[in-house]
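These notes are about the structure you will find just below.
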Amino acid sequence: MEWIMKNNLIKGIPASPGIAIGKAFLYKENNLEILEKSILSKEEELERLIKGREVAKKQLEEIKENTLQKLGKDKADIFEGHITLLEDEELFSEIDSKISEKKCTAEFALNEAIDEYANMLANLEDAYFKERAGDLRDIGKRWLYGVMNVQVVDLSKLEPETIIVARELNPSDTAQINLENVLAFVTEIGGKTAHSSIMARSLELPAVVGVGTVLENLEDNQILIVDALNGEVIVNPDEETLKTYREKRENFLKEKEELKALKDKEAVSKDGTKVDVWGNIGSPNDLKGIISNGGFGIGLYRTEFLFMEKDSFPTEDEQFEAYKIVAEGLKGYPVTIRTMDIGGDKSLPYMELPQEENPFLGWRAIRVCLDRQEILKTQFRALLRASKYGQIKIMLPMIMDIEEIRKAKAIFENCKNELREEGIEFDEKIMLGIMVETPAVAFRAKYFAKECDFFSIGTNDLTQYTLAVDRGNEKIANLYDTYNPAVLQAIKMLIDGAHEGGIKISMCGEFAGDENAVAILFGMGLDSFSMSGISIPRVKRILMKLDKKECEKLVERILELSTASEIKNEVKEFMKNIA
Ligand code: PEP
Ligand code: MG
């Protein structure tokens, strides 16, 4: 029992912050007995199959409706996709042939077909398809229960103060959770970017994921503490531990309330320097979380999610609608929208991407868009049309060569001319900037700055490309460190280069939301910080306590140091005095 230590501690990944104390509800699969041999005719088995599918469809439609109310159209669309998958004709005829060939029951054929198809998807390298395998199993389970006339556990009707522990939560499970009764969830598998983790963050529901095999060692109604700040779960805590965590929870909630007071305040440092604090979003639905946390703008809208949620390329009108919602939602504050950043670890089900040895160094982001210019053109047109409704800024990802900017600009200018000819209005002063995430730009920042309207530092990629450390490889995760002096030096070069070239520079990589990095970035002269909604108030609070001159001196000191740990120690000392 490696997972449980002496003090009953389970370790996992913090996926959505918070602390919860409650009773475990073990969400286990029903152990269905699936018989192979059928005593019915083929027609009767087919009838059961179709009836089961109708039951599943009805449930999915209810969940879709529920999600629409709670989380909006974007998340509800996930279930529209599930319904389409459920009604897939190819899948149905595969099951149909199995029933004929094997003379087996509908449930046996269904189970086998779903398993084969889901395994095939799960074995693909691609993170997107791996996640679709989960969706398919989710749909298959509902269908199977429908065929066998078994009730699915209803997560909307759990006892108060429940903590759900599951192997995996599918989006349909997460959407059903009733927030009045469920305090948190824990899953054996899954990572921070799984759909359910993203939904937990939007719901502000604490979650710890990827804890490994625990279900068989836990019991229903056991008391659990979920510390989703540190990614820990404590089983059967003693009174003293409970007391400690009740206090921690109180402090967390109190701090959350206090931080709310900063919502309408601008981030102005002690010496009077105003800094922009913006939010990162993946869909118009995430706007709520940015506005409620006091973000005065969007520093990164990752539009590829809009592309990933569909079964084909979103049309110009579909894109226009999404961008317009965001532009209007921010009421005149800047909204920085990034053109599609596909490739690397993100793919599209309807677009063939080559199998590559090094996808992060391969056909990705702007490279795809310049080769398939119709994609970029449609997106530019949609963005330009939406620019009439707010302050949209457009940003190109993964730039490493000035030629790329010039080519994209030429397409952009053509799109503007087309719209003028068509008599469609847009913001004539719209800015076109670039993500700076390759060392190539850092070395020659001033020259790149002269070719575009703004920079935004993508530290997630800048770190991996500067250090030659794959951002998704667990084996070398310890080497992936933005505090490495080389990365900090690259950031400094980018900020100085932007200013020399007369443009502003923001940061939208994860580092911008790192509380310990704020003083360094402020000292280096970063103009805007962009991060997830939850981090906004904390970063604002720190900025308000800083003095520009002191931070500049801190930067001078750390750039003379040799290692990431020396730098972290220096910053820690500095932050002690701030607190
Ligand atoms: C980055 O690289 O820092 C960034 C913000 O882009 P993404 O994480 O989407 O690659
Ligand atoms: Mg990036």
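Coordinate-derived values only; no laboratory data. Fair warning: this is a prediction, and the values are worked out from it, not measured in the lab. Every residue, glycine as well, gets a Cβ built from its backbone with ideal geometry; the counts of neighbours run over all protein chains shown.
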*Gain upon complete extension [N460, L479; 0.36 nm per residue less C-alpha separation]*: 5.5 nm
*List every residue whose amide H lies under 5 Å from the amide H of M431, counting only residues 5 or more places away in sequence or on a different chain, with H placed 1.01 Å from N in the peptide plane.*
I394
*So if we plug the beta-carbon distance of K545 and E36 into 1/(1 + (r/R0)^6) with R0 = 56 Å, what FRET efficiency do we get, rounded to 0.05?*
0.25
_Cα gyration tensor category, rounded, prolate or oblate, for segment 92-190 with a/c compared to 1.5_ = oblate
*Taking K and R as +1 and D and E as -1, what net charge do the other residues with C-beta under 12 Å from the C-beta of L419 add up to?*
-2
_Given charges at Cβ of Lys, Arg, Asp, Glu: segment 42-148 dipole, positive-most of I50, F129, A113_ = I50
*Packing rank of 134-147, 203-216, where each peptide gets the mean count of other beta carbons within 10 Å, highest leading*: 134-147, 203-216
*When the helix-only estimate is applied to the chain (DSSP H runs of n ≥ 4, each -39,500 (n - 2.57), divided by the residue count), what is the mean residue ellipticity at 222 nm, nearest 500 deg cm²/dmol?*
-15000 deg cm²/dmol
*For segment 40-119: relative contact order, % (alpha-carbon pairs under 8 angstrom, 6 or more apart)*: 33 percent
*Largest-first principal axis extents, alpha carbons of segment 42-148, Å*: 44, 33, 19
_segment 327-356: GluC sites (Glu not before Pro) in DSSP loop, at most 12 other beta carbons within 10 Å_ = E352
*asked:* Given Cα positions, please report Rg to Rh for the chain, the hydrodynamic radius being the Kirkwood one.
replied: 0.99
_Charge tally in the Cβ shell below 9 Å around A498, where Lys, Arg are +1 and Asp, Glu are -1, A498 excluded_ = -1
*In sequence order, what are the phi-derived ³J(HN,Hα) couplings for segment 330-338 according to the Karplus relation 6.51 cos²θ - 1.76 cosθ + 1.60 with θ = phi - 60°, rounded to whole Hz, with x for glycine and proline?*
8, 6, x, 6, x, 10, 9, 10, 8
*What percent do you get for the relative contact order of segment 350-507 when only Cα pairs under 8 Å and 6+ apart count?*
21 percent
*For the chain, what proportion of DSSP beta bridges, expressed in % and rounded to the nearest 5, is antiparallel?*
30 percent
*What fraction of the Cα pairs in segment 301-429, stated in percent, has a spacing above 23 angstrom?*
31 percent
*Here are some pairs, K324/K492; K265/K545; K504/K548; which of them have Cα atoms lying more than 24 Å apart in this structure?*
K324/K492
_Long-range HN-HN contacts of V436 with modeled amide H, under 5 Å_ = S456, I457, G458
*Using Cα pairs under 8 angstrom and six or more residues apart, how large is the relative contact order of the chain, in percent?*
13 percent
*Please go through segment 307-364 and write out the chymotrypsin sites (Phe, Trp or Tyr not before Pro) that DSSP classes as loop and that have at most 16 other C-beta atoms within 10 Å.*
Y350, W363
*What are the ³J(HN,Hα) values, in whole Hz, obtained from phi via the Karplus relation 6.51 cos²θ - 1.76 cosθ + 1.60 with θ = phi - 60°, for each residue of segment 533-540 in sequence order, with x given for Gly and Pro?*
x, 4, 7, 3, x, 5, 5, 4
*More than 25 Å apart - percent of Cα-Cα pairs taken over segment 451-579*: 21 percent
*Between the DSSP loop rule and a limit of at most 14 other Cβ atoms within 10 Å, which trypsin sites (Lys or Arg not before Pro) in segment 3-88 are left?*
K6, K28
*Based on the Kirkwood radius over alpha-carbon pairs, what value in µm²/s does the Stokes-Einstein equation return for the translational diffusion coefficient of segment 267-578 at 10 °C and 1.306 mPa s?*
80 µm²/s
_To make sure I understand the rule: partners must be aspartates and glutamates, Cα under 14 Å from the Cα of K103, and not fewer than 8 residues away in the same chain. Which ones qualify?_
E36, E43, E44, E45, E94, E112
*Can you tell me the 0 to 90 degree angle between the C-alpha axis of helix 89-102 and the longest principal axis of the chain, rounded to 10?*
30 degrees
*Placed amide H near I298: partners under 5 Å, 5+ positions off or other chain*: G279, V335, T336
*How many percent of Cα pairs in segment 361-432 exceed 21 Å?*
24 percent
*Provide the FRET efficiency to the nearest 0.05 for the L561-V55 pair, computing r from the beta carbons and using R0 = 51 Å.*
0.20
*Calculated from backbone phi, Karplus (6.51, -1.76, 1.60) coupling profile of segment 505-520 in Hz, x at Gly/Pro*: 9, 10, 9, 10, x, 3, 4, 5, x, 7, 4, 7, 8, 4, 5, 5
*Dipole magnitude of the chain, debye to nearest 20 (Cβ charges: Lys/Arg +1, Asp/Glu -1, about Cα centre)*: 2080 debye
_Efficiency of FRET between D371 and D264 - r from beta-carbon atoms, R0 30 angstrom, step 0.05_ = 0.10
